[in-house]
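Below: the structure, in structure tokens.
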Amino acid sequence: MTLSILWFVLIAVLWTAYLVTEGFDFGVGALLKIVAKNDEERTQTVRTIGPHWDGNEVWLLTAGGATFAAFPEWYATMFSGMYLALFLILFALIIRISAFEWRSKIATEKWRNTWDVLHSVCAWLVPILLGVAFANFIQGMKIEVVDAAGQVIAPDMAEGSLAVAAHQLTGGFFSLLTPYTILGGLTVLAVCLAHGAQFLALKTEGDVRERANGLAAPLTVLATVLAAAFLLWGQFAYTTNVLAWIPLLVAALAIIASAAFSQKALRREGLSFVFSIVAIAGTVSWIFSAMAPNVMKSSIDPAYSLTIAQASSSQPTLTVMTVVALCFVPIVLAYTAWSYWVFRKRVSVNDVDHNTGLLPKQIRLGENFLAG
């Protein structure tokens with residue numbers, strides 16, 4: 001049981017790393033058509049996250065892989081019941097990756113602008129979907145326990161039947177949309193927008209930096225208001241875990257500090273961004289604290305909830321995973337820190353180079369560039 005709890009905490013840490021790093025990626029992408037007023041400025045904006053976005057995606061892959069290996073029942077129940085929502089997230093991430101990779105392949109402004117639009121749309125969509133998903137974990141979903149024949153087991157018999165039964169998420173896609181989960185989606189979006197504006201203020205020069213600072217102040221206030229409503233609603237309505245108040249208060253104080261340091265009178269770009277990171281970490285900690293001791297709560301009956309112990313892999317599996325994590329996670333962390341240090345300088349519009357990619361007249365229809 002100790003290793004199960006350890007991996008529940010480690011998965012929370014992986015999600016924290018993903019939302020901290022990819023959060024500003026999403027924010028930059030969502031603000032791409034707002035903070036940048038021409039093609040050169042959009043290229044400048046994209047360059048701020050160009051060296052990092054693919055490394056940031058590793059945290060999502062690791063969180064998904066760790067969930068699959070450490071808590072297979074959690075993974076199976078979640079992906080079978082939330083298939084459409086998770087498919088939409090995956091599809092949007094694929095389009096976003098294409099926007100990064102293909103933007104510079106053709107040397108025309110129209111080509112780049114098309115991918116910038118798609119990039120921005122996906123950067124708005126993914127945080128909303130992730131927020132809705134996390135809010136469902138807090139609120140609970142329509143989960144039942146069924147036997148091998150697919151028959152629903154009575155709540156008072158559910159715990160003793162788990163050896164020959166499985167958890168099943170019912171209700172379909174639209175059952176995941178409630179006032180609280182929609183608020184969760186808007187909250188995560190607002191946090192990513194504020195986080196992205198703060199990152200741009202740190203990483204750019206010139207007009208883009210000024211616009212980013214101008215947006216960071218109101219966006220951080222908006223994120224603070226929505227986060228306060230989301231956290232307090234969830235704490236009072238959907239969890240009885242008193243310890244969840246600790247990360248909630250940390251997140252609240254951090255996001256208030258971030259909002260304060262983003263205002264023009266007290267503007268400190270670095271401190272505002274650091275406190276935004278702390279706020280995201282506190283929020284993820286609160287989400288997992290509010291879920292515990294469950295990994296998926298049932299809104300039908302608490303007896304149908306999937307607990308950490310029920311979803312966990314065997315002890316040998318968790319032991320091997322722990323050894324592997326101890327060996328490789330420090331390497332990943334060291335490489336990530338090194339990459340951010342190497343690309344720490346601000347990006348100027350003067351750094352933009354459009355002499356990349358093919359000219360349209362050089363593209364021959366029907367030709368295979370792999371053939372030489």
Inset, instruction - Under 6 Å between Cβ atoms, at least 6 apart or on separate chains: pull out the pairs that start in the stretch 264-275 with a residue that is in contact (Cβ under 8 Å) with a residue 40 or more places away in the chain and end on any residue that is open to solvent by less than 30 Å² (accessible area, probe 1.4 Å). - result: Glu269/Ala201; Ser272/Gln198; Ser272/Ser258; Ser272/Ser262; Phe273/Gln198
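Matching residues to (1) closer than 19 Å to Ala133 by Cβ; (2) open to solvent by 30 Å² or more (accessible area, probe 1.4 Å); (3) not aromatic (Phe, Trp, Tyr):
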| residue | (1), (2), (3) |
| --- | --- |
| Thr283 | yes, yes, yes |
| Phe288 | yes, no, no |
| Met291 | yes, no, yes |
| Val295 | yes, no, yes |
| Pro302 | no, yes, yes |
| Ser305 | yes, no, yes |
| Ile308 | yes, no, yes |
| Ser314 | no, yes, yes |
| Thr317 | no, yes, yes |
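For every residue, the table says whether it meets (1) of a type in the set (Lys, Arg); (2) surrounded by fewer than 23 Cβ atoms within 10 Å (Cβ to Cβ).
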| position | (1), (2) |
| --- | --- |
| Val13 | no, yes |
| Thr16 | no, yes |
| Thr21 | no, no |
| Lys37 | yes, yes |
| Gln44 | no, no |
Inset, instruction - Check off (1) touching a helix residue (DSSP H, G or I) at 6+ places or on another chain (Cβ under 9 Å); (2) open to solvent by less than 20 Å² (accessible area, probe 1.4 Å); (3) over 20 Å from Thr21 (Cα atoms) for His52 and give me the number that stays unchecked. - result: (3)
Inset, instruction - Looking for whichever is open to solvent by less than 70 Å² (accessible area, probe 1.4 Å) and in contact with a His (Cβ under 8 Å, 6 or more places away or on another chain) here; the options are Phe343, Phe273. Which one fits? - result: Phe273
Inset, instruction - Filter the stretch 58-74 for residues that are within 17 Å of the chain's Cα centre (by Cα) and open to solvent by 20 Å² or more (accessible area, probe 1.4 Å) and give the result. - result: Val58, Trp59, Leu60, Leu61, Thr62, Gly64, Gly65
Legend entry - Residues of the stretch 57-96 satisfying the condition of being without any contact (Cβ under 8 Å) to a residue 60 or more places away in the chain, over 30 Å from Val46 (Cβ atoms) and among the β-branched types (Val, Ile, Thr): Thr67
Inset, instruction - Would you check which residues across the stretch 231-267 are at pLDDT below 90, touching a helix residue (DSSP H, G or I) at 6+ places or on another chain (Cβ under 9 Å) and open to solvent by 60 Å² or more (accessible area, probe 1.4 Å) and list them? - result: Gln263, Lys264, Leu266, Arg267
Legend entry - Single condition Phe100 does not satisfy, out of (1) surrounded by fewer than 17 Cβ atoms within 10 Å (Cβ to Cβ); (2) aromatic (Phe, Trp, Tyr); (3) in contact (Cβ under 8 Å) with a residue 12 or more places away in the chain; (4) closer than 24 Å to Leu189 by Cα: (1)
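The values are calculated or read from the model by the stated rules, or taken from the named source; none is laboratory data. All values derive from a computational prediction rather than experimental measurement. Every residue, glycine as well, gets a Cβ built from its backbone with ideal geometry; the counts of neighbours run over all protein chains shown. For the accessible areas, the whole protein counts, side chains as well, though only heavy atoms, and no ligand, DNA or RNA atoms are used. Shrake-Rupley method; radii C 1.70, N 1.55, O 1.52, S 1.80 Å.
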